[in-house]
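Reviewing the structure listed below.
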Amino acid sequence: MAATDLRIGGLAPMSSCDWPGELVATVFCQGCSWDCPYCHNQPLRSASGNQENRILWNDVLAFLEQRRGLLDGVVFSGGEPTLQAAVFDAMQAVKDIGLKIGLHTAGMNPERFQKLLPFVKWVGFDIKAPFSKYDQVTRIPNSAEKVKESLGYLLESGVNYQIRTTVYPPLLDDAALAEMKTDLAAFGVTEYTLQPYREV
Ligand code: SF4
């Protein structure tokens, strides 16, 4: 798949939050196969998105070339970037113009995530819940197994990361948070960021 096949639902031209400590542009990849009840990115969930407002990769690349020297990097976010094969070529193009690459993922496609790791300098990795409750959040069966596999690849890779969790109170109470802490500790993860759920 060529970078021009990348389905893009949005572009944030400048962000200092999407990759802590770096000034980045953020490319929002279209499509996510999970169905979290608190999703703030509903328009990005369908695989095809709104074709009328489609953002073309070549326009994104032209924009990034103009911002060379002003930006530190580019974050591929979503939706879920690991669902698109075209993200490899898009990342290579970003690398070729000398920008660093960050990736936001929920870990739903471990095989592709593992192959993308050599391209990236930083991963924002979402942990949604304790593994026993994952399917209640994602509303997809066996979703925790994919996440465990992806988390294992991330930790093996040595790539910098931030693990973060949106605390959606109806699904994540104190007992669930304590269980999640235990799950992560079993992977050797002791630092993670809790983000409060905000109504949209
Ligand atoms: S994984 Fe992220 S984009 Fe997908 S439904 Fe859940 S919150 Fe939304």
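Can you tell which of L184, L155, L151 is among the hydrophobic types (A, V, I, L, M, F, W, C), in a helix (DSSP H, G or I) and surrounded by fewer than 16 Cβ atoms within 10 Å (Cβ to Cβ)?
L155
What do you reckon, is L44 within 16 Å of the ligand (Cβ to nearest atom), out of contact with any helix residue (DSSP H, G or I) (no Cβ under 9 Å at 6 or more places or on another chain) and not small (G, A, S)? Full working, then the answer.
Details: within 16 Å of the ligand (Cβ to nearest atom): yes; out of contact with any helix residue (DSSP H, G or I) (no Cβ under 9 Å at 6 or more places or on another chain): yes; not small (G, A, S): yes.
Yes: the conditions hold for L44.
Please indicate, with yes or no, whether at least one residue in segment 100-114 is small (G, A, S), surrounded by fewer than 18 Cβ atoms within 10 Å (Cβ to Cβ) and out of contact with any Lys or Arg (no Cβ under 6 Å at 6 or more places or on another chain). I'd like the intermediate steps shown before the answer.
Within segment 100-114, the subset small (G, A, S) is 102, 106-107.
If we keep only those that are surrounded by fewer than 18 Cβ atoms within 10 Å (Cβ to Cβ) too, we end up with none.
No, that holds for no residue.
Would you point out the residue of segment 49-73, among those that are in a helix (DSSP H, G or I) and open to solvent by less than 50 Å² (accessible area, probe 1.4 Å), that is farthest from the ligand (Cβ to nearest atom)?
Just the residues of segment 49-73 that are in a helix (DSSP H, G or I), to begin with: 51-53, 57-66.
Now restrict to residues that are open to solvent by less than 50 Å² (accessible area, probe 1.4 Å): 57, 60-64.
Working: W57: 20, V60: 20, L61: 24, A62: 27, F63: 23, L64: 23 Å.
Here the answer is A62.
Kindly indicate the residue of segment 158-181 that is closer than 18 Å to K121 by Cβ and within 16 Å of the ligand (Cβ to nearest atom) and also most open to solvent (accessible area, probe 1.4 Å) among those meeting that condition. Break it down stepwise before answering.
Here is the first cut: in segment 158-181, the ones closer than 18 Å to K121 by Cβ are 158-164.
Still in the running and within 16 Å of the ligand (Cβ to nearest atom): 162-164.
Values: Q162: 47, I163: 2, R164: 27 Å².
The residue in question is Q162.
Scan S46, S16, S77 and give me the residue that is surrounded by fewer than 19 Cβ atoms within 10 Å (Cβ to Cβ), at pLDDT 95 or above and within 18 Å of the chain's Cα centre (by Cα). Don't jump to the end; show me each part of the working.
Numbers: S46 fails: at pLDDT 95 or above; S77 fails: surrounded by fewer than 19 Cβ atoms within 10 Å (Cβ to Cβ).
Going through S46, S16, S77 in turn, just one is surrounded by fewer than 19 Cβ atoms within 10 Å (Cβ to Cβ), at pLDDT 95 or above and within 18 Å of the chain's Cα centre (by Cα): S16.
Within segment 106-132, count every residue that is within 16 Å of the ligand (Cβ to nearest atom), in a helix (DSSP H, G or I) and over 20 Å from T26 (Cβ atoms).
Selection size over segment 106-132: 2.
The values are calculated or read from the model by the stated rules, or taken from the named source; none is laboratory data. All of these numbers come straight from a predicted model, not from anything done at the bench. Don't worry about glycine lacking a Cβ; one is built from the backbone with ideal geometry, like all the others, and counts go over all protein chains shown. Side chains are part of the model used for accessible areas, which takes the heavy atoms of the whole protein and leaves out ligands, DNA and RNA. Shrake-Rupley method; radii C 1.70, N 1.55, O 1.52, S 1.80 Å.
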